[in-house]
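The values are calculated or read from the model by the stated rules, or taken from the named source; none is laboratory data. Keep in mind that what you see is a predicted model, and the values were worked out from it rather than measured. A quick note on method: Cβ atoms are made from the backbone with ideal geometry, for glycine too, and the neighbour counts reach across all protein chains shown. Note: accessible area is taken over every heavy atom of the protein model, side chains too, but ligands, DNA and RNA are not part of it. Shrake-Rupley method; radii C 1.70, N 1.55, O 1.52, S 1.80 Å.
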Amino acid sequence: MSAPLSPGFVNGEVSFWYRSSGVPAPGERLDGDTRADVAVVGAGYTGLWTAYYLKKAAPSLRVVVLEKEFAGFGASGRNGGWLTGALAGSPERYAKTHGADGARRLQRAMFESIDEVIRVAGEEGIDADIVKGGLLTVARGTAQALRLREELAGQREWGWGPEDVRLLSGDEMNDRLRVAGAVAATWTPHCARIQPATLARGLAAAVRNLGVEVYEGTPVTAIAPGRAVTPYGTVWADHVLRCTEGFTAGIDGHHRDWLPMNSSLIVTEPLPPEVWDEIGWRGRELLGDMAHYYMYAQRTADDRIAFGGRGRPYLYGSRIDERGHTHALTVDALWDLLVAFFPAVAGSRVAHAWSGVLGVPRDWCSAVHLDPATGLGWAGGYTGHGVTTTNLAGRTLRDLVLRRDTGLTRMPWVDRRVRAWEPEPLRWLGVHSMYRLYRLADARESAGMTRTSVLARIADRITGH
């Protein structure tokens, strides 16, 4: 079914999150060569958090941030607004290098990072519509319910107690949020809703107020020990930190480091009170599901539903549609799924659609690294969990740059190395095969299969998910 579009429907233009304020024009650009203690490449969450914590810890440092477009142009201004404690990658993978205790420490640090983001936003006066309502994960069908209980059992093994996550009764589930076809659900308090672009722009203002120089409209064409090169000048620095996430493939020498995975969202018009009476959602929880081709959603501050999922997950050659234009078939597919979840929304229309890219390492695990010999560092590969993980990464990079031996610098994701993605066409074939198999697996399970489809397990094996 074709999605009904509002008269003022917008496709792309970065994201809906800039609709009320307008898409920012790039600010002051670099003008000539300059010297800094730390050069940060990328003014998304990772770069901004890193600059923030560095200047807080060492005010005398000269920190320069370089951004191709404007602060918050990438995933930081386009994501679904999930400030979640979920790890990128399984704890088992981190435990292989640092033991189970190391993986547990990393998970607890993620939980604590949610409150750290909320604390800084309050301290800096950033009104990002933050509500810590937790995360509701629903299962629609028998196979999904089985996976939900298996996931819960695994979380218990890794030390998640009832205070961290619990299975809801049917009445508890429906009292929170009524999802058509939901047969089971878990809830965790470790998640908060945010307005992502407001957080990004607020952080940019905060770091400028601390004395950080943020140059926008300044693309970095090369990164090397001691320097970040742009068309308008070179920043010479003791440390050069690459904080480019889904845009990393466009940097020379890093084409196959992280795969730029596309994710798309639609947002409805504001919904009337009678629709919310039918849906519920009074607690402003974030919403996810147990499908293989999963979705994510939030109730926005102005009573819309922002609903996301994978559209065209990967473009050949790691290409990126930078302005966020979303294919009509993706808009229609997201609308169909939204109405399947919430039939009461069928009378509404889509106000905006947009897309962005996230960085996916070959092992699907995030990492932070700093080479003390060259001063080159980086963080990323968040696989869609970057709103929270970037904060932890920023504090970790701060400690690494300042040569502090702390609990953060001993986390299992520090200095984690992983092999590069395969060259084309293997990369394109692998990703598209994975998601084709996921869609088929979801269809089989929706048709009545009571256990996880073997097709999904094959898809996981293809790409190491």
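Taking helices (runs of 4 or more DSSP H) as the structural unit, those lying wholly within segment 94-212 and holding at least 1 residues that are within 29 Å of ASP442 (Cβ to Cβ) and in contact with an Asp or Glu (Cβ under 7 Å, 6 or more places away or on another chain) correspond to 142-157, 170-176.
Tell me, please, whether a residue that is among the small types (Gly, Ala, Ser) and modelled with pLDDT under 95 can be found in segment 412-420. Yes: segment 412-420 contains one or more residues that are among the small types (Gly, Ala, Ser) and modelled with pLDDT under 95. Here SER355 fulfils each of the conditions (1) touching an Asp or Glu at 6+ places or on another chain (Cβ under 8 Å); (2) farther than 30 Å from PRO273 by Cβ; (3) assigned to a strand (DSSP E or B); (4) open to solvent by less than 10 Å² (accessible area, probe 1.4 Å) apart from (4).
When we screen ARG362, ARG323 for residues that are of a type outside the set (S, T, N, Q), open to solvent by 30 Å² or more (accessible area, probe 1.4 Å) and touching a residue at least 40 places away in the same chain (Cβ under 8 Å), the only hit is ARG323.
The sole residue among ASP442, ASP460 that is modelled with pLDDT under 90 and open to solvent by 10 Å² or more (accessible area, probe 1.4 Å) is ASP460. Of these, ASP129, ASP175, which one is touching a residue at least 12 places away in the same chain (Cβ under 8 Å), charged (D, E, K, R) and on the phi > 0 side of the Ramachandran plot? When all the criteria are applied, what remains is ASP129. Listed by first and then second residue, the pairs with beta-carbon distance under 7 Å, at least 6 apart or on different chains, first residue in segment 400-418 and farther than 10 Å from GLY102 by Cα and among the basic types (Lys, Arg), second open to solvent by less than 30 Å² (accessible area, probe 1.4 Å) and outside any loop (DSSP other than H, G, I, E, B), are ARG416/ALA367.
If the condition is being open to solvent by 50 Å² or more (accessible area, probe 1.4 Å) and either under 24 Å from MET434 (Cα atoms) or not in a strand (DSSP E or B) (or both), then segment 222-256 contributes PRO225, PRO231, TYR232, PHE247, GLY250, ASP252, GLY253, HIS255, ARG256. Answer yes if at least one residue in segment 327-338 is open to solvent by 20 Å² or more (accessible area, probe 1.4 Å), aliphatic (A, V, I, L, M) and in a loop (DSSP other than H, G, I, E, B), and no otherwise. Checked segment 327-338: no residue is open to solvent by 20 Å² or more (accessible area, probe 1.4 Å), aliphatic (A, V, I, L, M) and in a loop (DSSP other than H, G, I, E, B). What number of residues within segment 142-169 are among the small types (Gly, Ala, Ser) and open to solvent by 20 Å² or more (accessible area, probe 1.4 Å)? Result for segment 142-169: 4. If you go through segment 445-457 and keep only what is assigned to a helix (DSSP H, G or I) and open to solvent by 40 Å² or more (accessible area, probe 1.4 Å), you end up with SER446, VAL454, ARG457. What tally of residues in segment 288-303 results from selecting those that are part of a loop (DSSP other than H, G, I, E, B) and either hydroxyl-bearing (Ser, Thr, Tyr) or open to solvent by less than 40 Å² (accessible area, probe 1.4 Å) (or both)? Residues flagged as part of a loop (DSSP other than H, G, I, E, B) and either hydroxyl-bearing (Ser, Thr, Tyr) or open to solvent by less than 40 Å² (accessible area, probe 1.4 Å) (or both) within segment 288-303 amount to 6.
A single entry from GLU285, GLU278 fulfils the requirement of being over 26 Å from PRO361 (Cβ atoms) and open to solvent by 40 Å² or more (accessible area, probe 1.4 Å): GLU278.
Within segment 379-436, if we keep just the residues that are under 18 Å from the mean Cα position of the chain (by Cα) and in a loop (DSSP other than H, G, I, E, B), the residue that is surrounded by the most Cβ atoms within 10 Å (Cβ to Cβ) turns out to be GLY381.
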